[in-house]
1. Considering only 127, 24, 247, give the residue with the highest GNM mean-square fluctuation for the chain, with springs between Cα atoms whenever their separation is below 10 Å.
2. Let me see the P(r) profile for the range 125-179: every Cα-Cα distance counted, bins of 10 Å, each bin given as a percent of all pairs.
3. Relative to the compact globular guide of 2.2 N^0.38 Å, what is the alpha carbon radius of gyration of the range 46-87, as a ratio?
4. Suppose we keep just the DSSP beta bridges with both residues in the chain; what percent of those would be antiparallel, to 5?
5. Based solely on its DSSP helices, what 222 nm [θ] is calculated for the chain when runs of n ≥ 4 H residues each add -39,500 (n - 2.57) and the sum is averaged over all residues, nearest 500 deg cm²/dmol?
6. Using only the alpha carbon atoms of the range 40-168, find the Kirkwood hydrodynamic radius as the inverse mean reciprocal pair distance, in angstroms to one decimal.
7. Starting with the fewest neighbours, write out 209, 167 ranked by other beta-carbon atoms found within 10 Å of each beta-carbon.
8. Step by step: find N for the range 68-130, compute 2.2 N^0.38 Å, then divide the Cα radius of gyration by it. What's the final number?
Ligand SMILES: C[S@@+](CC[C@H](N)C(=O)[O-])C[C@H]1O[C@@H](n2cnc3c(N)ncnc32)[C@H](O)[C@@H]1O
């Protein structure tokens with residue numbers, strides 16, 4: 001196995017079994033959905049990079065019979081989709097969610113297939129601007145997009161936080177830049193808001209932090225994996241120290257003519 005493949009295995013191991021694969025909460029998902037306003041009857045929706053899909057299930061519960069077909073829940077990695085299938089079965093949501101393994105860089109859908117495109121914590125994989133540009137043709141006229149993005153909340157972040165994210169996410173931008181990216185891709189801004197701090201902890205950092213001692217023990221003899229685990233611990237520490245400097249921000253827009 002080469003270094004990249006090995007790093008990815010370690011990443012999956014660190015992230016395995018978490019309720020979410022990034023910050024999020026049901027209240028924020030519902031708030032973003034409300035910003036979309038009235039949606040068409042028999043609507044069709046896509047969740048890109050759904051991961052274990054807590055937000056997909058929140059959407060399914062909120063939209064219910066308004067859905068003309070199950071939400072297409074797309075992720076590249078089968079194990080998250082297996083987790084999503086089990087959760088949907090447990091919550092009686094099977095008929096409202098259709099898990100689909102695929103690559104967001106080559107979405108297997110015809111133009112104007114969806115009324116709603118959702119993506120929590122995954123647009124960054126393509127680039128925030130690039131993701132909006134790629135999704136726009138897939139939306140029907142008046143369709144909505146809602147996506148979260150790691151975003152600077154202050155003009156001059158503390159040096160330690162700035163340095164950490166220059167290394168970990170150099171494309172990280174401020175709210176105005178991300179709003180401009182949404183508009184430049186052909187969307188009218190319907191709203192944006194920062195997720196509450198609890199959205200970082202309850203389903204993400206708290207269970208991730210609980211795994212760290214076992215991960216350190218498992219990888220005691222493995223320098224590459226130990227470094228990776230240390231970066232996860234440091235990321236959590238950044239959040240503890242600088243919660244006001246950056247956040248996960250929901251951006252919601254409607255496709256313009
Ligand atoms: C930060 S996680 C967010 C997952 C989920 N939306 C959540 O909030 O729990 C990003 C997700 O994107 C998926 N992903 C990464 N690259 C992808 C790609 N090229 N195509 C589709 N999904 C991808 C990952 O497997 C992961 O589930």
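Any read-out appearing in this document is the output of simple, stated calculations on the displayed coordinates, not a laboratory observation. Keep in mind it's a predicted model, so treat the numbers as computed, not measured. Please note: Cβ atoms are built from the backbone with ideal geometry, for glycine as well, and neighbour counts cover all protein chains shown.
1. So, out of 127, 24, 247, the one fluctuating most is 127.
2. Reading the bins upward from 0: 19, 45, 24, 10, 1.
3. Numbers: Rg = 10.0 Å, N = 42, 2.2 N^0.38 = 9.1 Å.
Here the Cα radius of gyration is 1.09 times the empirical estimate.
4. Values: 16 of 35 bridges.
So the antiparallel bridges in the chain amount to around 45 percent.
5. On the way: 9 runs with 106 residues, N = 257.
It comes out at -12500 deg cm²/dmol, rounded to the nearest 500.
6. Working: mean 1/r = 0.0642 Å⁻¹.
It works out to 15.6 Å.
7. Details: 209 15, 167 8.
Ordered by Cβ neighbours within 10 Å, fewest first: 167, 209.
8. My calculation over the Cα atoms of the range 68-130 gives 1.18.
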